[in-house]
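A.B. asks: Below is a structure I'd like to ask you about.
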Amino acid sequence: MQIKFLGHAAFALEHDGKTVLIDPFLTGNPKAAVGADEVEADAILLTHGHGDHIGDTVAIAKRTGATVVAIVELAGELKEAGVEKLIDPNIGGTADLGFVTARLTPAWHTSTTPGGTVNTPAGFVIEMGGKRIYNVGDTGLFSDLALPAKRGHIDLAIVPIGGHYTMDRFDAVAAAELIKADQIIPSHYGTFPPIETDAQAFKSDVQNAGYAEVVVLEPGESHTLR
Ligand code: NI
Ligand code: MN
């Protein structure tokens, strides 16, 4: 199981010849590690419909035939936009694509798409290649971040640290204590001036507290889960 950081909140999970994209905002993303016209995808998971998450989803899905997993109102807009393969769970529901499963979890945020569709933001508990990954999505700190670990061990969490639109790196340390993952990859920082932060300081704070190992990835870098 490999996870590649594509910049901002975009990731590619790769295992056994399958690629799962998360929040593929590439066009217009100053930190994008890959172009929307060259990225591979068998599935696309969307946490919510803000422009910095829905991004190039429609174009990538049309080109690759990838199945898109998005909360029901967001999936409805994507269907109207011509995406053919959609799974539309709500919070608590699981999409099972065989090579990956993704369960929607609550996230404290807002969301309206660039097209005007109001939708509820979510996180994802993803199982792929024998690993369980909790992408908390765009959210502030809240105590229910502890709940997914009650159902099963979290190998890796993806946590926003940029502040302003999400929790900042200090609240993210408290989140790390709640989430109880072996490893954490920080996301949603450094893309634009309001979300500049010090990822290495976050790493030190989390690791000194003993909450998790933090893996800071530059856009384009990959990390292997063993
Ligand atoms: Ni957002
Ligand atoms: Mn965002």
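Values in this text are rule-based calculations from the coordinates and carry no lab data. None of the values given here were measured: they were computed from a predicted structure. Because the Cβ atoms are built from the backbone with ideal geometry, glycine has one as well, and the counts that use them run over all protein chains shown.
A.B. asks: Out of the GluC sites (Glu not before Pro) in segment 100-203, which ones are loop residues according to DSSP with at most 13 other C-beta atoms within 10 Å? Present the calculation step by step, with values, prior to reporting the outcome.
C.D. replies: On the way: sites: E127, E177, E196; in loops: E196.
Listed in order of number, the matching sites are E196.
A.B. asks: Moving to a separate point now. Could you tell me the convex hull volume per residue, in Å³, taken over the Cα atoms of segment 172-219?
C.D. replies: Cα convex hull per residue, to the nearest whole number: 69 Å³.
A.B. asks: Then there is this: What whole-number distance in Å separates the alpha-carbon centres of segment 1-60 and segment 99-173?
C.D. replies: For segment 1-60 versus segment 99-173, the Cα centre distance is 16 Å.
A.B. asks: A further question on this structure: For every other residue with a beta carbon closer than 11 angstrom to the beta carbon of A70, add +1 if it is Lys or Arg and -1 if Asp or Glu, then tell me the sum.
C.D. replies: -3
A.B. asks: How many percent of the alpha carbon pairs in segment 2-217 exceed a separation of 22 Å?
C.D. replies: Looking at segment 2-217, the distances longer than 22 Å represent 44 percent of pairs.
A.B. asks: For the chain, take the longest principal axis of its alpha carbons; what is the angle in degrees between that and the long axis of helix 169-179, to the nearest 10 within 0 to 90?
C.D. replies: With rounding to tens, the tilt is 80 degrees.
A.B. asks: Restricting things to Cα coordinates, could you compute the convex hull volume per residue of segment 124-194 in Å³?
C.D. replies: Values: hull volume 5.6 nm³, N = 71.
Hull volume normalised by residue count: 79 Å³.
A.B. asks: Can you tell me the relative contact order of the chain? Whole percent, Cα pairs under 8 Å, sequence separation 6 or more.
C.D. replies: Reported as a whole number, the value is 17 percent.
A.B. asks: Provide the packing ranking of 104-115, 181-192, i.e. peptides ordered by the mean count of other C-beta atoms within 10 Å per residue, highest first. Walk me through the intermediate numbers first.
C.D. replies: Working: 104-115: 17.9, 181-192: 22.3.
Final packing ranking: 181-192, 104-115.
A.B. asks: Let me ask something additional. Relative to a virtual label point 7 Å from the Cα of H223 in the Cα→beta-carbon direction, which members of segment 189-213 show backbone nitrogen distances below 18 Å?
C.D. replies: 189-191, 197-213
A.B. asks: What is segment 1-122 by shape, rounded, prolate or oblate, if you read a ≥ b ≥ c off the alpha carbon gyration tensor as root eigenvalues and call it rounded for a/c under 1.5, prolate for a/b larger than b/c, and oblate otherwise?
C.D. replies: rounded
A.B. asks: Could you work out which residue, out of A174, A157, A122, moves most in a Gaussian network model of the chain, that is, has the largest mean-square fluctuation with Cα springs under 10 Å?
C.D. replies: Of A174, A157, A122, the most mobile in the Gaussian network model is A174.
A.B. asks: With contacts defined as alpha carbon pairs under 8 Å and 6 or more residues apart, what's the relative contact order of segment 186-226 in percent?
C.D. replies: Relative contact order comes out at 31 percent.
A.B. asks: While we're on this one: What is segment 36-159's relative contact order, in percent, from Cα pairs under 8 angstrom and six or more apart in sequence?
C.D. replies: Value for segment 36-159: 20 percent.
A.B. asks: Simple spin-label model, 7 Å along Cα-to-Cβ: R151 to K79 in nm?
C.D. replies: According to this spin-label approximation, the distance is 2.4 nm.
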